[in-house]
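Engineer: Please find one structure pasted underneath; my questions will follow.
The values are calculated or read from the model by the stated rules, or taken from the named source; none is laboratory data. A quick note: this is a predicted structure, and the numbers were derived from the prediction, not measured. Ideal geometry is used to build each Cβ from the backbone, glycine not excepted, and the neighbour counts take in all protein chains shown.
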Amino acid sequence: MKAFLGMGLLGSNFVKAMCQKGEDVNVWNRTHSRAAALEEFGAKTFEKVEDAVRNADLIHLTLKDDAAVDEVLIKAAPGFKQGAVIIDHTTTSAEGAIERTKYWKVQGYTYLHAPVFMGPMNALDGSGSMLVSGDQEVIGRLSQELSGMTGKLINLGTEEGKAAGMKLVGNLFLLSMTAGVSDTLSLAKSLHIPAADVLELFSNWNPGAAMPSRMKKITEGNFSQPSWELNMARKDAGLMISAADKAGQKLTLIPAIAKVMDEWIEKGHGSDDWTVISKDNI
């Protein structure tokens with residue numbers, strides 16, 4: 001039997017998917033009405049978290065942060081079945097994941113951090129990606145359970161906390177990409193280009209496809225053979241900023257990038273590939 005703690009959009013759809021498979025799932029949420037909404041799908045709800053986990057072999061969590069995970073697990077602990085396994089899908093710090101793994105092992109329980117790159121619909125249809133790292137024996141035992149929840153289970157090796165760190169790395173990229181899209185639309189508006197036309201451009205031209213080769217070039221430190229010189233990229237950034245300023249539009253990322261470009265040009269890297277601005281981060 002399973003328990004699932006945290007009935008946000010992700011957790012509730014994970015539970016719906018489990019119920020559709022005919023699994024018995026106990027659910028709990030701090031706001032009980034969110035848990036109660038899962039009863040029509042076959043889940044059994046509880047107002048006290050310790051009752052929800054009682055007799056559960058597997059306890060899944062999707063909560064807010066480190067503090068919430070620690071608080072809920074401590075409250076739930078009196079109901080833990082001997083040898084219960086805790087699988088935490090919450091996005092947390094790497095340090096928190098490492099500490100919880102050690103702490104709950106001492107208490108006689110298995111804790112595995114398994115964060116996800118999955119939205120609510122991914123949780124419902126078992127697509128997307130889930131990350132794990134740490135004790136390979138534990139991961140081996142739980143791989144079937146976890147693989148059934150996601151389209152791809154990515155095992156990052158034996159290092160505790162690496163899954164948590166990689167989740168944050170991925171989320172940083174998503175935040176940066178979204179801010180970049182916002183700047184793109186802001187510039188387009190400045191130039192009287194409809195958002196629909198920008199969407200059509202990216203439907204025909206996908207710069208994201210170049211991400212692996214761009215990352216490879218950066219990590220190899222190959223800046224002396226430019227495909228786009230830093231001086232030229234900085235010139236283009238200036239045109240973007242000027243166009244937006246004239247139209248009264250705000251750019252979030254580009255002014256900050258331009259400032260870093262200026263620093264690297266002052267160091268004498270104007271003729272290098274513009275990705276040299278990432279050199280110190282390799």
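Engineer: Please specify each residue of region 136-168 satisfying the condition of being part of a loop (DSSP other than H, G, I, E, B) and among the charged types (D, E, K, R).
Structural biologist: Filtering region 136-168 for residues part of a loop (DSSP other than H, G, I, E, B) gives 148-151, 156-161.
Once the filter is applied, which keeps residues that are part of a loop (DSSP other than H, G, I, E, B) and among the charged types (D, E, K, R), region 136-168 yields Glu159, Glu160.
Engineer: So which pairs qualify, if the first residue must be in region 108-135 and in a strand (DSSP E or B), the second must be of a type in the set (Phe, Trp, Tyr), the Cβ gap must be under 9 Å, and the two must be at least 6 apart or on different chains?
Structural biologist: Thr110/Trp104; Tyr111/Tyr103; Tyr111/Trp104; Ser129/Phe117; Met130/Phe117; Leu131/Phe117
Engineer: Would it be correct to say that Val69 is in a helix (DSSP H, G or I) and either acidic (Asp, Glu) or within 18 Å of the chain's Cα centre (by Cα) (or both)? Walk me through how you get there before you give the answer.
Structural biologist: Values: in a helix (DSSP H, G or I): yes; either acidic (Asp, Glu) or within 18 Å of the chain's Cα centre (by Cα) (or both): yes.
Yes; evaluated as a whole, the condition is true for this residue.
Engineer: For Pro226, indicate whether it is farther than 19 Å from Ser182 by Cα and not in a helix (DSSP H, G or I).
Structural biologist: Values: farther than 19 Å from Ser182 by Cα: yes; not in a helix (DSSP H, G or I): yes.
Against the criterion (farther than 19 Å from Ser182 by Cα and not in a helix (DSSP H, G or I)), Pro226 qualifies.
Engineer: Among the residues that make up region 106-114, is at least one of them within 17 Å of the chain's Cα centre (by Cα) and modelled with pLDDT under 95? Let's see the steps before the verdict.
Structural biologist: So the first thing to find is which residues in region 106-114 are within 17 Å of the chain's Cα centre (by Cα), and the list is 112-114.
Retained after the next criterion (residues that are modelled with pLDDT under 95): none.
No, region 106-114 contains no residue that is within 17 Å of the chain's Cα centre (by Cα) and modelled with pLDDT under 95.
Engineer: Out of the residues in region 32-63 meeting the condition of being of a type in the set (S, T, N, Q) and touching a residue at least 24 places away in the same chain (Cβ under 8 Å), tell me which one is surrounded by the fewest Cβ atoms within 10 Å (Cβ to Cβ).
Structural biologist: Initial filter on region 32-63 (of a type in the set (S, T, N, Q)): 33, 45, 55, 62.
This time we only want the ones that are touching a residue at least 24 places away in the same chain (Cβ under 8 Å), so: 55, 62.
On the way: Asn55: 12, Thr62: 25.
That would be Asn55.
Engineer: Now a separate question. Filter region 102-133 for residues that are touching a strand residue (DSSP E or B) at 6+ places or on another chain (Cβ under 6 Å) and surrounded by 22 or more Cβ atoms within 10 Å (Cβ to Cβ) and give the result.
Structural biologist: Tyr111, Leu112, His113, Ala114, Pro115, Val116, Met130, Leu131, Val132
Engineer: Quick one: Lys279 ticks every box in (1) modelled with pLDDT of 95 or more; (2) in contact with a Gly (Cβ under 9 Å, 6 or more places away or on another chain); (3) of a type in the set (D, E, K, R) except a single one, so which number is it?
Structural biologist: Checking Lys279 against (1) modelled with pLDDT of 95 or more; (2) in contact with a Gly (Cβ under 9 Å, 6 or more places away or on another chain); (3) of a type in the set (D, E, K, R), the one that fails is (1).
Engineer: If you don't mind, another one. Would you confirm, using the coordinates I've provided, whether Gly22 is surrounded by fewer than 16 Cβ atoms within 10 Å (Cβ to Cβ), free of Cβ contacts under 8 Å to residues at least 40 places away in the same chain, over 20 Å from Thr150 (Cα atoms) and out of contact with any helix residue (DSSP H, G or I) (no Cβ under 7 Å at 6 or more places or on another chain)? Reasoning before the result, please.
Structural biologist: Values: surrounded by fewer than 16 Cβ atoms within 10 Å (Cβ to Cβ): yes; free of Cβ contacts under 8 Å to residues at least 40 places away in the same chain: yes; over 20 Å from Thr150 (Cα atoms): no; out of contact with any helix residue (DSSP H, G or I) (no Cβ under 7 Å at 6 or more places or on another chain): yes.
No.
Engineer: Kindly list, by first and then second residue, each pair from a residue in region 219-242 that is more than 14 Å from Ile265 (Cα to Cα) to a residue that is modelled with pLDDT under 95, limited to pairs with Cβ atoms under 7 Å and residues at least 6 apart or on different chains.
Structural biologist: As it stands, the answer is Thr219/Ile282; Gly221/Lys279; Gly221/Ile282, since those pairs meet every condition given.
Engineer: Is it the case, given these coordinates, that Lys235 is among the charged types (D, E, K, R) and under 32 Å from the mean Cα position of the chain (by Cα)? Give the derivation first.
Structural biologist: Details: among the charged types (D, E, K, R): yes; under 32 Å from the mean Cα position of the chain (by Cα): no.
For Lys235, the condition - among the charged types (D, E, K, R) and under 32 Å from the mean Cα position of the chain (by Cα) - is not met.
Engineer: Does at least one position in region 210-224 carry a residue that is in the same structural domain as Ser176 (by TED's automatic domain parsing), surrounded by 11 or more Cβ atoms within 10 Å (Cβ to Cβ) and in contact with a strand residue (DSSP E or B) (Cβ under 6 Å, 6 or more places away or on another chain)?
Structural biologist: yes
Engineer: Just to verify a result, which residue in region 169-200, among those that are in a loop (DSSP other than H, G, I, E, B) and free of Cβ contacts under 8 Å to residues at least 12 places away in the same chain, is surrounded by the fewest Cβ atoms within 10 Å (Cβ to Cβ)?
Structural biologist: Within region 169-200, the first condition is being in a loop (DSSP other than H, G, I, E, B), and the residues that meet it are 191-194.
In the following step, the residues that additionally are free of Cβ contacts under 8 Å to residues at least 12 places away in the same chain were identified as 192-194.
Details: His192: 7, Ile193: 14, Pro194: 11.
Taking the candidates together, the pick is His192.
Engineer: Taking region 72-105 as the search range and keeping residues that are of a type in the set (A, V, I, L, M, F, W, C) and under 12 Å from Gly161 (Cβ atoms), which one is nearest to the chain's Cα centre (by Cα)? Give the steps one after another, and end with the answer.
Structural biologist: Looking only at region 72-105, we keep the residues that are of a type in the set (A, V, I, L, M, F, W, C), and these are 72-74, 76-77, 80, 84-87, 94, 97-98, 104.
Retained after the next criterion (residues that are under 12 Å from Gly161 (Cβ atoms)): 94, 97-98.
Numbers: Ala94: 13, Ala97: 15, Ile98: 18 Å.
Per the criteria, the residue is Ala94.
Engineer: Another one. If you check Phe4 against the conditions, is it surrounded by 23 or more Cβ atoms within 10 Å (Cβ to Cβ), outside any helix (DSSP H, G or I) and among the aromatic types (Phe, Trp, Tyr)? Reasoning before the result, please.
Structural biologist: On the way: surrounded by 23 or more Cβ atoms within 10 Å (Cβ to Cβ): yes; outside any helix (DSSP H, G or I): yes; among the aromatic types (Phe, Trp, Tyr): yes.
Yes; evaluated as a whole, the condition is true for this residue.
Listed here are the residues, each with its yes/no results for (1) over 18 Å from Ser176 (Cβ atoms); (2) part of a helix (DSSP H, G or I).
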{"site": "Phe202", "(1), (2)": "no, yes"}
{"site": "Ala209", "(1), (2)": "no, yes"}
{"site": "Ala237", "(1), (2)": "no, yes"}
{"site": "Ala243", "(1), (2)": "yes, yes"}
{"site": "Thr252", "(1), (2)": "no, no"}
{"site": "Val260", "(1), (2)": "no, yes"}
{"site": "Ile265", "(1), (2)": "yes, yes"}
{"site": "Gly268", "(1), (2)": "yes, no"}
{"site": "Ile277", "(1), (2)": "no, yes"}
